[in-house]
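One structure is given here, and the rest of the page talks about it.
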Amino acid sequence: IKNLIVKAATAPFKFLASAFSGGEAPPDHVRFALNDARLAPEEQQKLLALADALSKKPSLNLELRGSAGEADRQAMAAALNAPAVTDKPVVTTATAPPAPPPPVRVVTDEELRALAQARAEASLDFLIQAGKLDPQRVFMLEVDIHAGTEEFIDLPLTVQVR
């Protein structure tokens, strides 16, 4: 038993893999589209499989860290600064001066933190509600606002021995 606990402590994802069907590795992240905190269906399936595997290994807990990054900041700014689409025709006259452009909206670190937190909460809620994982076994860590790539953001998942 001591050897089993040592193995679980040094390689918890490897230990958890034995609970996965077909010997596949458990997911170590959840992927999100830029500027989005909704779980895609394929990510929901990953979380359901992870919750199922964790239910078979009660000695393991899960930590998740909400993530966002510069690519999110750019996507948020583009969405916030996009010209408004209206059905009203624009009427201009030769004597009226052109309207000044709207001020450029800058995305703050707090807004990135809120997005990262929303992603963590979406993942946590899904694991608890749909995955039926005990809330005492899932922990949210401090968010990271310096994560990601140009196309997506990964929310890291970490398995810990109790």
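Taken over region 47-73, residues that are assigned to a strand (DSSP E or B) and open to solvent by 10 Å² or more (accessible area, probe 1.4 Å) amount to 3.
Each row is one residue, and each column tells you yes or no for (1) touching a residue at least 60 places away in the same chain (Cβ under 8 Å); (2) open to solvent by 20 Å² or more (accessible area, probe 1.4 Å).
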site: GLN117; (1), (2): no, yes
site: ALA122; (1), (2): yes, yes
site: PHE126; (1), (2): yes, yes
site: ALA130; (1), (2): yes, yes
site: PHE139; (1), (2): yes, yes
site: ASP144; (1), (2): yes, yes
site: GLY148; (1), (2): yes, yes
site: GLU151; (1), (2): yes, yes
site: LEU155; (1), (2): yes, no
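For region 91-110, how many residues are surrounded by fewer than 19 Cβ atoms within 10 Å (Cβ to Cβ) and under 30 Å from GLN74 (Cβ atoms)? Number of matching residues: 12.
Within this structure, VAL107 passes the test of being modelled with pLDDT of 95 or more and over 23 Å from GLN160 (Cα atoms). Is there a residue being at pLDDT 90 or above and part of a strand (DSSP E or B) anywhere in region 33-46? Yes: one or more hits.
The values are calculated or read from the model by the stated rules, or taken from the named source; none is laboratory data. Predicted, not measured: the structure shown is a model, and the values here were computed from it. Here Cβ is always computed from backbone atoms with ideal geometry, including for glycine, and neighbour counts include all displayed protein chains. Ligands, DNA and RNA are excluded from the accessible area calculation, which covers all protein heavy atoms including side chains. Shrake-Rupley method; radii C 1.70, N 1.55, O 1.52, S 1.80 Å.
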